[in-house]
Amino acid sequence: MPTLLDFRRRIRSVKNTQQITRAMKFVAAARLRRAQEAALAARPYAQELARVLRSTMARLESPKHPLLARRPEERILVIVLSGERGLAGAYNANILKRAAEFLRSKQGKKIVVIPIGKKGRDALRKAGMEFAGEYVNVLARVDLGIAREIANLVTELYSREAIDAVYTVFSEFKNVLAPVLVTEKLLPIEKIEESEETAGERAASQIDYLYEQPETQILDRLLPRYVETQILRIMLESSAAEHAARMTAMEAATKNAGEVIDALTLHMNKVRQAAITKEIIEIVSGAAGTA
């Protein structure tokens with residue numbers, strides 16, 4: 001049976017762990033605030049850019065551009081965004097599970113991946129996936145230069161017909177408690193009538209903009225910028241979702257540690273009380289025997 005010293009050591013150990021998880025929770029909360037502001041700030045620009053792009057495409061009967069070419073999806077590129085570190089609950093496991101489901105749905109196709117995040121890179125490498133590139137330690141502080149580098153790689157592969165479609169798998173930030181797993185098609189870009197827009201969004205996409213340059217020239221500038229902006233957006237969303245998951249996991253761990261400490265303290269007090277009672281009984285029995 002554990003002694004009082006064993007209980008005290010265990011309680012001290014759990015308290016030390018609780019201090020670590022509480023500190024990690026505060027750090028994740030501070031990083032989440034900055035990441036959340038960046039993710040929310042990027043959404044309006046990305047949405048408006050997509051709206052302008054689809055409006056421009058609607059003006060052309062048959063827009064011709066390498067990034068608009070549609071081919072049978074035989075070679076697919078999947079960009080998987082996961083966390084850089086663990087201690088984030090089921091965040092990484094859920095993303096990898098969604099990626100595995102998507103890859104199974106494309107069974108028989110040639111799949112290449114670009115993992116963004118160390119956890120996804122390690123899991124996909126262990127699964128034997130072919131990499132077109134890999135990016136780790138880039139989500140702690142999302143940089144436009146990295147997003148542009150990834151976008152250039154994706155557009156170069158698609159333009160020279162090395163791949164036929166590009167999909168992204170990531171966790172979109174909604175709120176602290178409810179991240180949303182998303183599988184999104186990046187290329188080829190869908191036309192207005194083929195996208196999943198509401199009637200209001202579709203009407204807004206068909207606003208009659210006035211352009212100084214020819215539509216084809218505008219497309220040459222908009223399409224690479226669109227890919228770059230979407231990749232930056234999903235990196236910001238993924239970063240915010242990871243910090244939210246870590247903060248929630250550390251808060252739960254801190255609460256669980258407190259419950260363990262309470263249970264151990266109660267058990268220790270019972271053991272100590274039993275020892276005191278036993279000593280009193282022995283003293284009383286000895287005194288009675290002497291009398």
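The values are calculated or read from the model by the stated rules, or taken from the named source; none is laboratory data. The structure displayed is predicted, hence computed values, not measured ones. Note: ideal-geometry Cβ built from the backbone for every residue, glycine included; neighbour counts use all protein chains shown. Quick note on the areas: whole protein, heavy atoms, side chains included, nothing else; ligands and nucleic acids left out. Shrake-Rupley method; radii C 1.70, N 1.55, O 1.52, S 1.80 Å.
Miscellaneous remarks
- Residue match in region 126-143 (condition: closer than 22 Å to Ser238 by Cβ, modelled with pLDDT of 90 or more and surrounded by 20 or more Cβ atoms within 10 Å (Cβ to Cβ)): yes
- Residue among Ala28, Ala46 that alone is under 18 Å from the mean Cα position of the chain (by Cα), touching a residue at least 24 places away in the same chain (Cβ under 8 Å) and surrounded by 14 or more Cβ atoms within 10 Å (Cβ to Cβ): Ala28
- Looking at Thr254, Thr229, just one residue is out of contact with any strand residue (DSSP E or B) (no Cβ under 6 Å at 6 or more places or on another chain), of a type outside the set (Lys, Arg) and either at pLDDT below 90 or closer than 23 Å to Leu40 by Cα (or both), and that residue is Thr229.
- The condition (being open to solvent by 50 Å² or more (accessible area, probe 1.4 Å), more than 16 Å from Glu172 (Cα to Cα) and modelled with pLDDT under 90) is satisfied by just one residue among Ser13, Ser55, Ser62: Ser62.
- Some residue of region 246-269 being in contact with an Asp or Glu (Cβ under 6 Å, 6 or more places away or on another chain) and either β-branched (Val, Ile, Thr) or in contact (Cβ under 8 Å) with a residue 24 or more places away in the chain (or both): no
- Set side by side, the residues Leu40, Leu53 differ, and just one is more than 21 Å from the chain's Cα centre (by Cα) and of a type in the set (A, V, I, L, M, F, W, C), which is Leu53.
- Residues of region 240-291 satisfying the condition of being open to solvent by 30 Å² or more (accessible area, probe 1.4 Å), hydroxyl-bearing (Ser, Thr, Tyr) and within 30 Å of Leu177 (Cβ to Cβ): Thr248
- Residue that is part of a helix (DSSP H, G or I), surrounded by fewer than 18 Cβ atoms within 10 Å (Cβ to Cβ) and touching a Phe, Trp or Tyr at 6+ places or on another chain (Cβ under 9 Å), where the choices are Leu5, Leu40, Leu67: Leu40
- Search result, residues across region 217-241 that are hydrophobic (A, V, I, L, M, F, W, C) and either touching a Cys at 6+ places or on another chain (Cβ under 9 Å) or under 22 Å from Ala38 (Cβ atoms) (or both): Val227, Ile231, Leu232, Ile234, Met235, Leu236, Ala240, Ala241
- Any pair with Cβ under 9 angstrom, 6 or more apart, that starts in region 1-18 at a residue that is under 14 Å from Leu266 (Cα atoms) and ends at one that is of a type in the set (Gly, Ala, Ser): Leu4/Ala275
- Every condition in (1) assigned to a loop (DSSP other than H, G, I, E, B); (2) aliphatic (A, V, I, L, M); (3) without any contact (Cβ under 8 Å) to a residue 40 or more places away in the chain holds for Ala88 except the one numbered (3).
- Annotation: of all residues in region 158-193 being under 14 Å from the mean Cα position of the chain (by Cα) and exposed (fewer than 13 other Cβ atoms within 10 Å of the Cβ), the one that is modelled with the lowest pLDDT is Ala178.
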